[in-house]
1. Just name the residue that is surrounded by the fewest Cβ atoms within 10 Å (Cβ to Cβ) out of those in segment 102-135 that are modelled with pLDDT of 95 or more and touching a strand residue (DSSP E or B) at 6+ places or on another chain (Cβ under 8 Å).
2. Which of the residues spanning segment 245-291 are in contact with a helix residue (DSSP H, G or I) (Cβ under 8 Å, 6 or more places away or on another chain), buried (at least 21 other Cβ atoms within 10 Å of the Cβ) and not in a helix (DSSP H, G or I)?
3. Considering only segment 264-282, state which residues are touching a residue at least 40 places away in the same chain (Cβ under 8 Å) and under 26 Å from residue 103 (Cβ atoms).
4. What residue, among those in segment 228-244 that are within 9 Å of residue 184 (Cβ to Cβ) and surrounded by fewer than 21 Cβ atoms within 10 Å (Cβ to Cβ), is modelled with the highest pLDDT?
5. Pairs, please: C-beta under 8 Å, at least 6 apart or cross-chain, first residue touching a residue at least 60 places away in the same chain (Cβ under 8 Å) and in segment 109-124, second assigned to a helix (DSSP H, G or I) and surrounded by fewer than 17 Cβ atoms within 10 Å (Cβ to Cβ)?
6. Return yes when residue 32 is within 25 Å of residue 283 (Cβ to Cβ) and either over 22 Å from the mean Cα position of the chain (by Cα) or part of a helix (DSSP H, G or I) (or both) and no when it is not.
7. Where in segment 63-129 are there helices (runs of 4 or more DSSP H), lying wholly inside it, with at least 3 residues that are under 24 Å from residue 43 (Cα atoms)?
8. Within segment 36-51, does at least one residue satisfy the condition of being assigned to a helix (DSSP H, G or I), at pLDDT 95 or above, within 19 Å of the chain's Cα centre (by Cα) and under 24 Å from residue 173 (Cα atoms)?
C-alpha cells in the first residue's frame with residue numbers, strides 16, 4: 001500500500017472514530033438530567049479508561065421532567081385506567097437511575113452501551129403508557145433481546161433503581177456490584193445480608209425462562225429465573241447510597257483494595273458535603289490511589305432531611 005493510500009485509510013478511520021465519539025458523547029448523561037427530589041441529593045459521573053468513552057453508562061430518569069405525567073394521567077383517567085393513573089402520580093415523587101457496564105475494555109464497547117441506552121428509554125416510555133411505571137417486564141425483554149443479538153462474551157452488568165421521596169430505594173440487579181449504604185449515624189457502611197439482596201445473571205447471558213418465544217430460543221446454559229426487585233430504605237438524615245461499576249470494586253494498590261476500607265474512610269471524611277462534592281472527592285481519591293484498569297462509574301445519592 002502506498003503512502004497516499006495509507007494516509008487516505010488513516011483519514012477514513014480517524015473520521016469514523018470521531019463520528020463514533022460524537023454519537024457516544026451525545027448519550028452521556030447531562031447535568032440537567034440529574035434528578036431533583038425533595039430531601040434527596042443526587043450526583044454521578046463516568047471516568048472512562050481511555051479518557052474519552054467506553055462501556056460504562058448512566059441514565060437518569062426524573063419522571064416528572066422527562067415525561068409529561070399530567071398529560072398521561074389525564075389520558076389514563078379518560079380511559080378509566082385508574083391503576084395507571086395512580087402509578088403515574090407516584091412517579092412525580094421518584095426518579096430512576098440506570099448504571100451499567102459492558103464487558104470488555106474497548107472504546108467500541110460504547111456501541112453496546114448506546115444500544116442498551118436506546119432500548120431502555122424506548123421501553124420505559126411504553127411501560128409508562130401501559131402500566132404507569134417501569135416494571136420488571138422491561139428487563140426481561142431487554143435481557144432476551146441482548147441474548148439473541150450479542151455474542152456470549154459481550155454481556156452487560158446492570159442495576160436499575162428508583163429512589164423515592166419517602167427514602168425508599170427499589171432496585172433490580174443483573175450481575176452488578178451491590179450498592180453500598182453509608183450510615184451517617186454509625187459512620188460506616190451498613191452490612192447487607194443475603195436476605196436483603198437478590199441478584200441475577202448479567203444482561204445477555206441467560207434468556208428469560210418464561211419468554212413467550214422460548215420455543216425458538218436457544219440457550220446452551222439454560223434459562224434464568226424471573227427478575228425481582230430489592231427494596232431498601234435510607235433511614236437517617238445524611239445517609240449515603242452509592243452505586244458503582246466493577247472498575248471501582250476491582251481497583252487495588254500494592255497492599256490494599258480500594259473497597260471497602262479505603263473507600264469507607266474517604267466517605268467518612270466528606271460525608272457532610274453535598275452529593276457532587278462527595279463524588280468529586282471520591283474521584284480524586286481513587287485516581288490518586290491507583291491508576292484504574294477499567295472504566296469507573298459512580299452515583300452518589302444522599303438523604304438530606306429527617
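1. Within segment 102-135, the match that is surrounded by the fewest Cβ atoms within 10 Å (Cβ to Cβ) is 121.
2. If the condition is that a residue be in contact with a helix residue (DSSP H, G or I) (Cβ under 8 Å, 6 or more places away or on another chain), buried (at least 21 other Cβ atoms within 10 Å of the Cβ) and not in a helix (DSSP H, G or I), then 251 is the only one that fits.
3. The initial filter retains those residues of segment 264-282 that are touching a residue at least 40 places away in the same chain (Cβ under 8 Å), namely 264, 267-268, 271, 274-276, 278-279.
Result: 279, single match.
4. First, the residues of segment 228-244 that are within 9 Å of residue 184 (Cβ to Cβ): 236-240.
After this cut, where a residue has to be surrounded by fewer than 21 Cβ atoms within 10 Å (Cβ to Cβ) as well, the list is 236-238.
Working: 236: 92, 237: 93, 238: 96.
Restricting to residues being within 9 Å of residue 184 (Cβ to Cβ) and surrounded by fewer than 21 Cβ atoms within 10 Å (Cβ to Cβ), the top hit is 238.
5. Between residues of segment 109-124 that are touching a residue at least 60 places away in the same chain (Cβ under 8 Å) and residues that are assigned to a helix (DSSP H, G or I) and surrounded by fewer than 17 Cβ atoms within 10 Å (Cβ to Cβ), the close pairs are 114/23.
6. Values: within 25 Å of residue 283 (Cβ to Cβ): yes; either over 22 Å from the mean Cα position of the chain (by Cα) or part of a helix (DSSP H, G or I) (or both): yes.
So residue 32 passes the test.
7. Working: elements: 63-66, 69-78, 82-91.
Once the helices (runs of 4 or more DSSP H) in segment 63-129 are filtered for at least 3 residues that are under 24 Å from residue 43 (Cα atoms), what remains is 63-66.
8. To start, the set of residues in segment 36-51 that are assigned to a helix (DSSP H, G or I) comprises none.
So far as segment 36-51 goes, no, none of its residues is assigned to a helix (DSSP H, G or I), at pLDDT 95 or above, within 19 Å of the chain's Cα centre (by Cα) and under 24 Å from residue 173 (Cα atoms).
The values are calculated or read from the model by the stated rules, or taken from the named source; none is laboratory data. This is a predicted model, so every value here is computed, not measured. In this analysis, Cβ positions are derived from the backbone assuming ideal geometry, glycine residues included, and neighbour counts consider all displayed protein chains.
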